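Asker: Can you keep this structure in mind? I'll have questions shortly.
Just so it is clear, none of the values below were taken in a lab; they were calculated from the coordinates. All of these numbers come straight from a predicted model, not from anything done at the bench. Heads up, the Cβs are rebuilt from the backbone with ideal geometry, glycines too, and the neighbour counts pull from every protein chain shown.
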């Protein structure tokens with residue numbers, strides 16, 4: 001299944017391209033191709049990621065057209081329900097963003113980290129964790145398989161803050177992927193030097209996933225020893241100015257957090273002109289200083305999604321894997337019905353995935369990847385969501 005629908009270019013205004021999808025027009029930024037009216041393209045996250053032939057595009061559109069409108073009708077039926085905070089948020093999501101739900105793949109390529117964040121199972125002081133690193137060529141091969149065979153049009157490349165991956169190694173990875181299979185490449189590598197991000201942007205990366213975790217400065221200093229919230233935010237702003245799509249957000253239920261902090265977290269996320277909200281529940285890891293802290297309730301996490309939607313009607317809001325872990329089999333569904341409209345599927349091989357131990361039950365070890373993808377599609381179809389991203 002393709003996680004994007006090809007569209008036809010209808011207008012060109014310098015780098016901003018208008019693209020038609022079954023009569024709906026969306027805009028996307030074109031950094032990589034010489035396009036003309038009538039060309040067919042794939043867009044992801046507001047970027048043109050590839051140009052395809054008319055023959056290939058129409059073959060895909062023929063298979064999608066009937067399903068696309070059936071899904072829209074089903075989504076409308078779900079979103080007509082009103083009466084509480086979450087249902088109101090879901091209704092607003094449908095009104096402002098339609099039924100598209102972007103689905104990204106994620107590759108967790110290293111669990112080494114130089115930081116000692118109190119809430120994270122990958123923290124440097126966790127000596128019980130088996131550490132791993134994927135070699136650059138291995139990352140490239142897996143990414144190309146995910147794009148070429150699994151049909152993802154957006155991939156998150158995620159690791160702890162692992163300086164073993166030098167600037168040259170990271171550039172080699174991004175160039176190696178982009179040269180063969182252009183896609184929206186999303187970097188989740190932490191507070192690396194800005195010059196590294198500059199080179200990775202030139203190599204083809206176009207998005208950065210970099211959470212600020214909490215807007216409470218005192219709580220931030222406590223949770224991330226040796227780090228400052230100001231520096232984190234400055235890097236996010238510099239990345240946006242450079243041209244990166246920004247995916248950021250916070251943790252729900254950190255010890256010491258209050259409801260005012262959560263509201264400020266949502267406001268700060270929006271103030272950063274965030275392209276995708278990424279926030280999820282704090283899940284205590286037994287090998288961290290916060291291992292005995294209580295879990296936030298599922299209701300609190302769902303209500304936070306709903307409030308973020310009501311405060312930011314047109315936002316893309318990720319339903320995180322942490323919510324899936326907290327809510328078990330119903331977490332993703334309830335997150336989508338609370339105003340969420342984005343998901344991620346972990347494509348990391350099991351031999352590594354089981355060691356990317358951010359929090360308990362994080363990785364879904366032992367789940368067949370094809371079955372996981374099929375289950376994700378089944379969930380989306382049941383709610384009337386199209387697993388595609390139609391641009392800006």
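Asker: Could you work out [θ]222 nm for the chain from helices alone, using -39500 (n - 2.57) per DSSP H run of at least four and dividing by all its residues? Round to the nearest 500 deg cm²/dmol. Before the final figure, lay out the partial values.
Answerer: On the way: 13 runs with 156 residues, N = 392.
It comes out at -12500 deg cm²/dmol, rounded to the nearest 500.
Asker: Using alpha carbons only, what's the Rg to Rh ratio of segment 88-161 with Rh from Kirkwood? Each step should come with its number before you reach the end.
Answerer: Numbers: Rg = 17.4 Å, Rh = 15.1 Å.
So for segment 88-161, dividing Rg by the Kirkwood Rh gives 1.15.
Asker: What is the antiparallel percent of DSSP beta bridges lying wholly in segment 85-383, to the nearest 5? Numbers along the way, then the final one.
Answerer: Numbers: 1 of 30 bridges.
Taking every DSSP beta bridge within segment 85-383, about 5 percent pair in antiparallel fashion.
Asker: On to the next question. Could you work out the per residue convex hull volume over the alpha carbons of segment 159-287, in cubic angstrom? List each step's numbers first, then the result.
Answerer: On the way: hull volume 15.5 nm³, N = 129.
Considering the Cα atoms of segment 159-287, their hull volume per residue is 120 Å³.
Asker: With label points built 7 Å along Cα→Cβ from the Cα atoms of residue 378 and residue 273, find their separation and express it in nm.
Answerer: Modelled inter-label distance: 4.3 nm.
Asker: Expected output is a single nm value to one decimal: the length gained when fully extending between residue 55 and residue 180, i.e. 0.36 nm times separation in residues minus the C-alpha distance. What is it?
Answerer: Working: separation 125, 0.36 × 125 = 45.00 nm, distance 2.08 nm.
In short, 42.9 nm is gained.
Asker: Note the full-extension length gain between residue 66 and residue 258 as 0.36 nm times their separation in residues minus their Cα-Cα distance, in nm to one decimal. Working shown, then result.
Answerer: Working: separation 192, 0.36 × 192 = 69.12 nm, distance 4.69 nm.
Going from the current span to full extension adds 64.4 nm.
Asker: Whole Å is fine, so just give me how far the alpha carbon centre of segment 343-390 lies from that of segment 64-97.
Answerer: Value for the Cα centre distance between the two parts: 23 Å.
Asker: What Rg and what Dmax come out for segment 1-133 when only alpha-carbon atoms are used, in angstroms?
Answerer: Expressed in Å, the Cα Rg and Dmax of segment 1-133 come to 20.6, 57.
Asker: Follow-up. D for segment 234-392, whole µm²/s, Stokes-Einstein with Kirkwood Rh over alpha-carbon pairs at 4 °C and 1.567 mPa s: what number?
Answerer: Details: Rh = 16.7 Å.
Diffusion coefficient, whole number: 77 µm²/s.
Asker: Separate question: How far apart, in nm, are two points set 7 Å out from the Cα along the Cα-to-Cβ line at residue 227 and at residue 330?
Answerer: 3.4 nm
Asker: Return P(r) of segment 278-362 (all Cα-Cα pairs; 10 Å bins starting at 0; whole %; ordered from short to long distances).
Answerer: In order of increasing distance, the bins hold 17, 45, 30, 7, 0 percent.
Asker: If a/c stays under 1.5 just call it rounded; otherwise compare a/b with b/c (prolate if a/b is bigger, oblate if not). Do that for segment 137-188, with a ≥ b ≥ c from the square roots of the Cα gyration tensor eigenvalues.
Answerer: Working: a/c = 2.10, a/b = 1.66, b/c = 1.26.
Judged from the Cα gyration tensor, segment 137-188 comes out prolate (a/c at least 1.5, a/b above b/c).
Asker: Label 7 Å along Cα→Cβ of residue 24; segment 96-111 residues with amide nitrogen under 14 Å?
Answerer: 96-103
Asker: With contacts defined as alpha carbon pairs under 8 Å and 6 or more residues apart, what's the relative contact order of the chain in percent?
Answerer: Values: 759 pairs, mean separation 89.0, N = 392.
Over the chain, the number comes to 23 percent.
Asker: Work out how far the C-alpha atoms of the chain reach from end to end along every principal axis, then list the three figures in whole Å, largest first.
Answerer: 56, 53, 40
Asker: Taking 7 Å along the Cα-to-C-beta vector as the label spot, tell me the residue 368-residue 166 distance in nanometres, rounded to one decimal.
Answerer: Between residue 368 and residue 166, the label points sit 4.3 nm apart.
Asker: Sorted from largest down, give the three principal axis spans of the alpha carbons of segment 7-69, whole angstrom values.
Answerer: Answer, in whole Å and largest first: 33, 20, 19 Å.
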